[in-house]
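Following: one structure in structure tokens, then a few remarks.
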Amino acid sequence: MAGGVVMFGIDVSHHQSPASLPWDKIAATSSFCIVRATYGAGLRDRQCAEHMRRARQVGLAVGLYHFYRPSQPVEDQIAAFRAAAQSAGYEAGDIIPALDVEADPIPSMQHVSPAWEPGVKRFADALTVEFGAPCLIYITQREFGMLGKPSWMVAHPLWVAHYKDTTKPATPGNQPHLIHQHRVGPYDPKGPGGYFDGGSPQLDQNRATGPLAVATRVPWAGAETRSEPPAAGADDDAELARLRALVATQQVDVVGTLRADGMREMAGLETQPPEPEGDA
């Protein structure tokens with residue numbers, strides 16, 4: 001990629017067996033691993049803690065993500081993610097959590113719509129306050145348009161999925177990206193972008209063009225422990241404004257996510273059609 005040093009990384013969930021991944025090979029060419037922690041309020045990823053343990057063991061920076069489900073209460077989803085993160089050993093200094101916003105395939109496909117936006121914002125704001133830095137948002141350019149193109153979202157680091165071998169993937173609002181998920185298939189960080197069915201292991205592979213923001217605190221540590229999601233109020237509004245201003249000052253680019261089309265293929269679920277090249 002033009003304009004800077006490229007770091008490679010992977011994202012994983014229970015679709016990949018931690019014991020079968022070539023962790024030493026991955027660590028020789030990659031710098032980070034982002035792990036699914038939760039799918040909505042009711043499902044913890046059963047391999048989360050083991051993926052985190054093995055990734056740390058080989059020296060990869062680690063992070064967690066949550067798959068947003070519009071049919072479930074936001075507060076329940078926040079609480080589920082917090083509990084899973086604590087159980088998996090997530091800590092300050094790890095990659096800031098990511099919120100995965102995409103079509104929800106279960107029980108029947110629910111596509112992103114503007115009706116999702118208040119809940120998505122509530123979740124993103126809670127993660128930002130609880131973990132001390134603007135959370136990552138995983139969303140495609142197309143689904144950003146389907147959400148209503150909320151301006152607050154592009155102030156977050158965004159993680160974009162675009163399965164093409166390109167230095168300029170389609171991004172929300174055509175904003176710069178930090179992480180580009182470009183490939184799903186056998187591990188080959190220098191291989192072409194696209195979806196490659198067959199071969200092993202099948203992994204989401206990413207390119208990052210800058211440092212990944214990290215959590216500066218965790219909500220279960222000491223005085224900052226919360227038993228409920230943070231209530232909306234002036235203090236939280238001021239903290240969100242401060243953190244977003246910090247992002248703008250430091251010119252932190254947008255971070256992309258862990259993509260679902262490949263995961264849906266492997267799970268036998270419906271996939272999304274290709275996203276457009278231009279702004280949605």
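Quick one: Karplus J couplings for the range 173-178, per residue in order, coefficients 6.51, -1.76, 1.60, θ = phi - 60°, nearest Hz, x for Gly and Pro?
Once θ is set to phi - 60°, the couplings for the range 173-178 become x, 6, 7, x, 10, 9 Hz.
Are any of the pairs 121/168; 25/149; 25/121 more than 31 Å apart by Cα-Cα distance, and if so, which? Let's see the in-between values first.
Values: 121/168 27 Å; 25/149 39 Å; 25/121 38 Å.
Pairs exceeding the cut-off: 25/149; 25/121.
Pulled fully out, how much extra length does the chain show between residue 167 and residue 6, if you take 0.36 nm times their separation in residues and subtract their Cα-Cα distance? Provide the component values of the computation, followed by the final result.
Working: separation 161, 0.36 × 161 = 57.96 nm, distance 1.09 nm.
Length difference between fully extended and current span is 56.9 nm.
Please list, in chain and number order, the residues 5+ apart from residue 31 or on another chain whose amide H is under 5 Å from its amide H, with Hs placed from the backbone.
It is 8, 9, by chain and number.
Which FRET efficiency, nearest 0.05, do residue 24 and residue 216 yield, Cβ-Cβ r, R0 30 Å?
Details: r = 31 Å, r/R0 = 1.02.
E between residue 24 and residue 216, to the nearest 0.05, is 0.45.
Once amide H atoms are built 1.01 Å from N in the peptide plane, which residues 5 or more positions from residue 65, or in another chain, come under 5 Å H to H?
The list, which skips near neighbours in sequence, is 35, 36, 37, 38, 98.
Just grab the label-to-label distance for residue 152 and residue 113, each label 7 Å out from Cα along the Cβ direction, in nm (one decimal).
Using points 7 Å along Cα→Cβ, the separation is 2.1 nm.
Sequence-distant or interchain residues sharing an amide H contact under 5 Å with residue 214, placed H: which?
96
In whole Hz and in residue order, list the ³J(HN,Hα) couplings for the range 100-111 that follow from phi through the Karplus curve 6.51 cos²θ - 1.76 cosθ + 1.60, θ = phi - 60°; x for Gly and Pro.
Values, residue by residue: 8, 10, 7, 3, 9, x, 10, x, 9, 4, 10, 8 Hz.
Rule-based calculations on the coordinates, nothing more; no lab input. Keep in mind that this is a model prediction, so the values were computed, not measured. So basically every Cβ, Gly included, is an ideal-geometry build from the backbone, and we count neighbours across all protein chains shown.
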